[in-house]
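Structure record follows, encoded as structure tokens.
The values are calculated or read from the model by the stated rules, or taken from the named source; none is laboratory data. All values derive from a computational prediction rather than experimental measurement. With ideal geometry, Cβ positions are generated from the backbone for all residues, glycine too; neighbour counts draw on all protein chains shown. The protein model used for the area step is the full one, side chains on, heavy atoms only, and it has no ligands, DNA or RNA in it. Shrake-Rupley method; radii C 1.70, N 1.55, O 1.52, S 1.80 Å.
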Number of protein chains: 2
Amino acid sequence: MTESPADLIITGCTVLVYDDQERIGFEEDAAVVVRGGLVESVTTAAAVEGAPAVERIDGRGQVAMPGLINCHTHAPMVALRGVAEDLPTEEWFNDVVWPIESNLTEKDVELGARLACAEMIRAGVTCFADHYFSMDAVAAVVEECGLRAHLGEAYFSSQGAQGREKSLEFALRHRGGAGGRITTALAPHAPYTVDDTDLTATAELAREHGLSVHLHAAENRDQTDASLARHGVTPIEVLERTGLLDVDVLIAHGTGIIDRDLPVLERASGRTAVATAPRGYLKFGWLTTTPVRALHDLGIPVGLATDGAASNNSLDVWESMALTALIQKSTTGDPRWLTSRQALHHATLQSARAVGLGDTLGTLAPGRRADLVLVDLTGPHTQPVHDLAATLVHSARSSDVRTTIVDGRILMRDRQLLTLDVPSVVRELGERLPVLLDRGHGRRIQDYDT
Amino acid sequence: MTESPADLIITGCTVLVYDDQERIGFEEDAAVVVRGGLVESVTTAAAVEGAPAVERIDGRGQVAMPGLINCHTHAPMVALRGVAEDLPTEEWFNDVVWPIESNLTEKDVELGARLACAEMIRAGVTCFADHYFSMDAVAAVVEECGLRAHLGEAYFSSQGAQGREKSLEFALRHRGGAGGRITTALAPHAPYTVDDTDLTATAELAREHGLSVHLHAAENRDQTDASLARHGVTPIEVLERTGLLDVDVLIAHGTGIIDRDLPVLERASGRTAVATAPRGYLKFGWLTTTPVRALHDLGIPVGLATDGAASNNSLDVWESMALTALIQKSTTGDPRWLTSRQALHHATLQSARAVGLGDTLGTLAPGRRADLVLVDLTGPHTQPVHDLAATLVHSARSSDVRTTIVDGRILMRDRQLLTLDVPSVVRELGERLPVLLDRGHGRRIQDYDT
């Protein structure tokens, strides 16, 4: 036992734990001891009675579990939430989002990121993988608000070699930033906007610098069909032939992954992960979703995500967790597939692996980073509790998260944000919206043409 | 102008209103004046400045809209929330739910109903259509908690003629109860558990007594296929041949409605409505959902519902609203179908029609019952607002409802329930659960055999 006071002790809560075979259990009337940003122990409430601590939280009636990880988003796009509704993918990109994004300034990105981080902290997200532009501004917001993030500066081949150089420069400069809370990735946009030369160069840079790559690929079936028609290969096969499956890669969406991609992905198992954001697939009217079951059978982690709020309308990873379970059941026609425990496994360990933090996050165990949330189960909608995993996934909501903690620091306590001022962000962003939304110039940052 | 003080004036809010073609609009900086349980007027905040009122609510930053209507539930089943997870429909009924329901007492139903009403009030539901057993207990809870309800005592043909007689007796005795907040229906369970003789008798009783009928039909495609194989007719055709489509009928689910049913339903348009509870269809792994578009084309209202919490895990009609939009887009493959405004139309006017209250509920207009909710849009997840309908449907959550009002009476104010005591209900229900959940007796109330 250490004699100095712990930084934080949470007592009386139920703790979601994993056994050595990654089976979920729930320790009741337990305690979590936090020191130096790490979980020091998960023990009984009795064991820490009277133990010295700088801060104590009474966790009775609450579940302590790993904070949620948003494995693929474009956080600053909350500024465009609701701006392009009920449109097919192509019109969404070409007529609204990419024209508006040609107006983006670093200040817009900063304010959007701040609003997004407020939303995520309130929804129990402790880490997010962001893929956007002007990412210096996002990194600064991460530093300020206390979240953990896996950041990549997005680029298109239309930017020339400068795009990928900027992405590399960002990744090297910010790696390990914010006291180690920032990790980085190279971030080519997608195989339909970044050519093979750039993808190949990106794979080489990743290997040379020990970086991972985060990109969109096989987002939907149309993209896969278009790739086959034009190049004779699928987007996943493009990743393979450009060397991206030889490095650590996080693939966003993958609803266009088809059977012939599976052996390709199997060879990349251990380096590859997929992020699924099912709400947006439904909203765009796509007929497929991420093939979670096939990826599971290949041992490929599937992390949960929200994509940007311009398509998803929210950054609610809790909802992604519930929807992943529901949509997997309905698309496989198998009510036994993707149980609540599986959904929680995706939300915790698999999401941690997806963002390259499988050794430090994903479970509350000694030596892991103290990124956790307390979920209040006393509301009428979460009672009675017959099956706690089901209560968490199918009855609880992100609004039941009362407290959000990253690296042992409390970012939200009893629903009060401690590091961000929402009204001032909303006001400042609101003043900028007329200029940001102007599409009179007829420009767009890129064409969507799968 | 009346000179006596209004009962309630809500000022400064944005009000969801309909024009005479049922197009949604939003009146900003508006006010709602309530008198005698009715909406007296929807006007400007300026017009009611200084106007006398017994009670005033500052609605700034909030949207006033009609309260949600849960068009098909089994409220007391919240007691079984999470008890039968990840199971196919048949096992869910035969191995868990129907054995447990054979233990049900009136006290269990009362406590379950109380917990359910607490959950619904907190989620912005102001009226629910309940279809269950021991409904006297539910009616008493409705009286006590202030909600509005459309109640029916469920029955199977296995109960003999007593079943339908009890259902009739309940409907006649409680009609107009709780100061007019209770309306009633005859409630045969479904065509696969109630025979044609009973269904025909029910239709006759409905006509004779001016009652509507609320039942399950064509819940899923398997039921339709089984009905065709056994009887040569679909469940909807069973309703037709037994006369149920000649009276006002509320059909729960209808995911097994097939093309040949459409002309049958078209002939019943004006008397027929369908309740959709999409979450459960996904969870059971059903491959179809309610054919909302086809029903829309026939002019048949589709109300939103949650079904019971034993299958749906929650009574969150707000989630049903979002899911209806999302699942309609994905099953039709058309992102333009079922816009946010359509979803709000389903949640308000169509749901009111579905429960037979189309003339008194569904819109905040002079003379309508004052059943409304105030939705807080100041949270980071609902900002900025570019499209208020989209914000409500796709970004807001039931937890953003701050205030719930029925017949002008405030049932929840600033998230505090005023008519129900959740901790005591949870405690009392918890003590009864071991006996309620016992399945050692090997009985079940009914066999599921479509």
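Among the residues of segment A:37-79, the ones that are touching a helix residue (DSSP H, G or I) at 6+ places or on another chain (Cβ under 8 Å) and β-branched (Val, Ile, Thr) come to 4 in all. Filtering segment A:361-380 to residues that are in contact with a Leu (Cβ under 9 Å, 6 or more places away or on another chain) and either open to solvent by 30 Å² or more (accessible area, probe 1.4 Å) or among the hydroxyl-bearing types (Ser, Thr, Tyr) (or both) leaves A:Thr363, A:Pro366, A:Gly367, A:Arg368, A:Arg369. Mind checking whether some residue in segment B:39-47 is assigned to a strand (DSSP E or B) and open to solvent by less than 20 Å² (accessible area, probe 1.4 Å)? Looking for residues that are assigned to a strand (DSSP E or B) and open to solvent by less than 20 Å² (accessible area, probe 1.4 Å), one finds at least one in segment B:39-47, hence yes. Listed by first and then second residue, the pairs with beta-carbon distance under 9 Å, at least 6 apart or on different chains, first residue in segment B:1-28 and part of a loop (DSSP other than H, G, I, E, B), second open to solvent by 70 Å² or more (accessible area, probe 1.4 Å), are B:Glu3/B:Pro52; B:Ser4/B:Pro52; B:Pro5/B:Pro52; B:Pro5/B:Val54; B:Arg23/B:Arg341.
Applying the criterion of at least 3 residues that are touching a residue at least 60 places away in the same chain (Cβ under 8 Å) and over 18 Å from the mean Cα position of the chain (by Cα) to the helices (runs of 4 or more DSSP H) found wholly in segment B:146-250 leaves B:221-231.
Of the residues making up segment B:321-337, those that are in contact with a Lys or Arg (Cβ under 7 Å, 6 or more places away or on another chain), open to solvent by less than 30 Å² (accessible area, probe 1.4 Å) and at the interface with chain A (Cβ under 8 Å from one of its Cβ atoms) are B:Leu326, B:Lys329, B:Pro335, B:Trp337.
Going by the structure shown, is B:Gly176 surrounded by fewer than 24 Cβ atoms within 10 Å (Cβ to Cβ) and within 26 Å of B:Leu349 (Cα to Cα)? Here the answer is yes, as B:Gly176 does meet what is asked. Selection of segment A:339-349 for residues being open to solvent by less than 10 Å² (accessible area, probe 1.4 Å) and at the interface with another protein chain (Cβ under 8 Å from one of its Cβ atoms) yields only A:Ser340. Scanning segment A:109-122 for residues that are over 22 Å from A:Ser351 (Cα atoms), open to solvent by less than 10 Å² (accessible area, probe 1.4 Å) and within 14 Å of another protein chain (Cβ to nearest Cβ) gives A:Leu111, A:Gly112, A:Leu115. Just one residue in the set A:Val125, A:Val138 is away from chain B (no Cβ under 14 Å), buried (at least 24 other Cβ atoms within 10 Å of the Cβ) and among the β-branched types (Val, Ile, Thr); that residue is A:Val138. Scanning segment A:373-390 for residues that are farther than 22 Å from A:Gly36 by Cα and either in contact with a His (Cβ under 7 Å, 6 or more places away or on another chain) or in contact (Cβ under 8 Å) with a residue 24 or more places away in the chain (or both) yields A:Val375, A:Asp376, A:Leu377, A:Thr378, A:Asp387, A:Leu388, A:Ala389, A:Ala390.
Screening B:Ala31 against (1) on the phi > 0 side of the Ramachandran plot; (2) at pLDDT 95 or above leaves a single unmet condition, (1). For segment A:394-424: of the residues being more than 8 Å from every other protein chain (Cβ to nearest Cβ) and open to solvent by less than 10 Å² (accessible area, probe 1.4 Å), which is farthest from A:Val142 (Cα to Cα)? Across segment A:394-424, the extreme among qualifying residues is A:Ala396. Taking segment B:267-294 as the search range and keeping residues that are over 12 Å from B:Thr324 (Cβ atoms) and part of a helix (DSSP H, G or I), which one is nearest to the chain's Cα centre (by Cα)? By that ranking, first place goes to B:Gly280.
Filtering segment A:309-319 to residues that are part of a helix (DSSP H, G or I) and either without any contact (Cβ under 8 Å) to a residue 60 or more places away in the chain or within 9 Å of chain B (Cβ to nearest Cβ) (or both) leaves A:Ala309, A:Asn312, A:Glu319.
Apart from one condition, A:Ile251 fits all of (1) away from chain B (no Cβ under 14 Å); (2) over 24 Å from A:Val373 (Cα atoms); (3) of a type in the set (A, V, I, L, M); (4) surrounded by fewer than 24 Cβ atoms within 10 Å (Cβ to Cβ); the exception is (4). Would a scan of segment B:65-76 turn up a residue that is open to solvent by less than 10 Å² (accessible area, probe 1.4 Å), within 13 Å of chain A (Cβ to nearest Cβ) and part of a helix (DSSP H, G or I)? The answer is yes, given that some residue of segment B:65-76 is open to solvent by less than 10 Å² (accessible area, probe 1.4 Å), within 13 Å of chain A (Cβ to nearest Cβ) and part of a helix (DSSP H, G or I). A:Leu287 meets each of the listed conditions (1) modelled with pLDDT of 95 or more; (2) open to solvent by 10 Å² or more (accessible area, probe 1.4 Å); (3) on the phi < 0 side of the Ramachandran plot apart from (1).
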